[in-house]
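Student: Structure incoming, see below.
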Amino acid sequence: MPMTTALRLCPDAICIKGRMERYAEKSREVMGIISSFAPGFLQVSIDEAFLDLTGMERIYPLPGKAAKLLKERILSETGLTVSIGVAPSRFIAKLASDYRKPDGLTIVPRGKEEIFVDMVGLRKLWGIGDSMLRALESRGIRSTERLRTYSEDELNRMFGASSGSYLYKVSRGIDPGIYQGETKSRSISTERTYYPDLFSADAVEDAILEMSEEVMFRAFDEKKIPRTVSIKLRYGDFTTITAQTTPSCAIYSSMDVYRIAKDLFFSRWKGEGIRLIGVALQGIYDGDDIEQGEFFREREIKERELEKTILELGRNGNKVMRLRHLEDPRH
């Protein structure tokens, strides 16, 4: 939940900032191992990725065995455990990866998607929040089996086209297209899903700043420079809005990303409840230094060097954070 909500519920809580720099470093190690298994690799956040084994049957005739080997290698090389879901689609794979956390491995064979969705249950089905559950329960729908008794047209009439279509698909184990990025695209992205929906502008700014730091620190680690920033906004009714912009100059710091992403977001947000926020860097090219001809950008140079220092300090076990992260929403 957003920090503002947590502190309202528990005003005496002691807040400890996570070490994003260290997370980014370990993420890079884990993602490097995953991406080496097959070319069809898509990272969607600092701790989540998809691996497409299509066409790799000669190397990995049994996907479950490949997943077990991957878990063993990640543990051996990084000391970290991971949970993996093996399934015919990204949607079912995501549900499967959550099914036996922590350190889990769940395999859903093709043709068994509906059975697995029923095992997960309506309440834990990805994308169905408290408000949707209440709406479903008010109509006597308390299980995926019951939800499947309705046609897509009936669900569209009850919940609107976006939500109705989503409910129809997920109750049948059909991937509704939750992650549509191409596996070979060059981008660095992350996103957050909120239950209940997010309404606070301050919480939105905090989330965008955190995600801006996450994607930019990953860019630092990979020695990449982005040209484009994009945002994703999804409302509680599953209506999704995306926007992007390519400034005249390259993007060199997380504060560059934050300023651009925040402007994109607030120019499109209508104040309605937010189900998901995403931030992505695109148009990425190799590089680690300010381009020639851009040395007049004194502020950007200082911010970039500051953030590189923060990243290095974090790797050495030090705790450094921006002032905004220290602000207490209770005051």
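The values are calculated or read from the model by the stated rules, or taken from the named source; none is laboratory data. The structure presented is a predicted model; accordingly, all values stated were derived computationally and were not measured. Cβ: placed from backbone, ideal geometry, glycine included. Neighbour counts: every protein chain shown.
Student: Considering only region 162-184, how many residues are modelled with pLDDT under 85 and over 16 Å from the mean Cα position of the chain (by Cα)?
Tutor: 2
Student: Only residues in region 198-218 that are over 14 Å from ARG259 (Cα atoms) count as the first member; pair them with residues that are among the acidic types (Asp, Glu), Cβ under 7 angstrom, at least 6 apart or cross-chain, and list the lot.
Tutor: Note: pairs meeting the criteria are PHE217/GLU21.
Student: Quick one: which residue in SER89, SER76, SER97 is free of Cβ contacts under 8 Å to residues at least 12 places away in the same chain and of a type in the set (Ser, Thr, Tyr)? Please lay out each step first, then the result.
Tutor: Details: SER89 fails: free of Cβ contacts under 8 Å to residues at least 12 places away in the same chain; SER97 fails: free of Cβ contacts under 8 Å to residues at least 12 places away in the same chain.
Testing whether each residue is free of Cβ contacts under 8 Å to residues at least 12 places away in the same chain and of a type in the set (Ser, Thr, Tyr) leaves just SER76.
Student: Got a number for residues in region 157-168 being buried (at least 16 other Cβ atoms within 10 Å of the Cβ) and either among the charged types (D, E, K, R) or without any contact (Cβ under 8 Å) to a residue 12 or more places away in the chain (or both)?
Tutor: Residues flagged as buried (at least 16 other Cβ atoms within 10 Å of the Cβ) and either among the charged types (D, E, K, R) or without any contact (Cβ under 8 Å) to a residue 12 or more places away in the chain (or both) within region 157-168 amount to 0.
Student: Could you check SER131 against (1) small (Gly, Ala, Ser); (2) within 28 Å of LEU276 (Cα to Cα); (3) not in a helix (DSSP H, G or I) and say which number it fails?
Tutor: Only one criterion in (1) small (Gly, Ala, Ser); (2) within 28 Å of LEU276 (Cα to Cα); (3) not in a helix (DSSP H, G or I) is unmet by SER131, namely (3).
Student: Of all residues being among the hydroxyl-bearing types (Ser, Thr, Tyr) and outside any helix (DSSP H, G or I) in region 134-156, which is surrounded by the fewest Cβ atoms within 10 Å (Cβ to Cβ)? Just the residue, please. Reasoning before the result, please.
Tutor: Keep residues of region 134-156 that are among the hydroxyl-bearing types (Ser, Thr, Tyr), which gives 138, 143-144, 149-151.
Then drop every residue that is not outside any helix (DSSP H, G or I), which leaves 138, 143, 149-151.
On the way: SER138: 8, SER143: 14, THR149: 10, TYR150: 19, SER151: 11.
Of everything passing the filter in region 134-156, SER138 is surrounded by the fewest Cβ atoms within 10 Å (Cβ to Cβ).
Student: Considering only residues that are outside any helix (DSSP H, G or I) and either more than 20 Å from the chain's Cα centre (by Cα) or charged (D, E, K, R) (or both), which ones fall in region 254-270?
Tutor: Across region 254-270, the qualifying residues are SER267, ARG268, LYS270.
Student: Please determine whether any residue of region 44-65 is polar (S, T, N, Q), at pLDDT below 90, within 21 Å of the chain's Cα centre (by Cα) and surrounded by 15 or more Cβ atoms within 10 Å (Cβ to Cβ).
Tutor: Let us first name the residues in region 44-65 that are polar (S, T, N, Q), namely 45, 54.
Filter again for at pLDDT below 90, leaving 45, 54.
Imposing the further condition that a residue be within 21 Å of the chain's Cα centre (by Cα) reduces the set to 45.
Next, only the ones that are surrounded by 15 or more Cβ atoms within 10 Å (Cβ to Cβ) stay: 45.
Yes.
Student: In this structure, is PRO11 over 22 Å from THR78 (Cβ atoms) and more than 18 Å from the chain's Cα centre (by Cα)?
Tutor: yes
Student: Quick check on my filter: what residues within region 81-96 are surrounded by 14 or more Cβ atoms within 10 Å (Cβ to Cβ) and closer than 23 Å to ARG22 by Cα?
Tutor: Once the filter is applied, which keeps residues that are surrounded by 14 or more Cβ atoms within 10 Å (Cβ to Cβ) and closer than 23 Å to ARG22 by Cα, region 81-96 yields VAL82, SER83, ILE84.
Student: Taking LEU276, is it among the aliphatic types (A, V, I, L, M), within 25 Å of PHE199 (Cβ to Cβ) and either in a helix (DSSP H, G or I) or in contact with a Gly (Cβ under 6 Å, 6 or more places away or on another chain) (or both)?
Tutor: For LEU276, the condition - among the aliphatic types (A, V, I, L, M), within 25 Å of PHE199 (Cβ to Cβ) and either in a helix (DSSP H, G or I) or in contact with a Gly (Cβ under 6 Å, 6 or more places away or on another chain) (or both) - is not met.
Condition check ((1) outside the structural domain of ILE241 (by TED's automatic domain parsing); (2) out of contact with any Ser or Thr (no Cβ under 9 Å at 6 or more places or on another chain); (3) hydrophobic (A, V, I, L, M, F, W, C)) across all residues:
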site	(1), (2), (3)
ARG123	yes, yes, no
GLY127	yes, no, no
LEU136	yes, yes, yes
THR144	yes, no, no
LEU147	yes, no, yes
MET158	yes, yes, yes
LEU167	yes, yes, yes
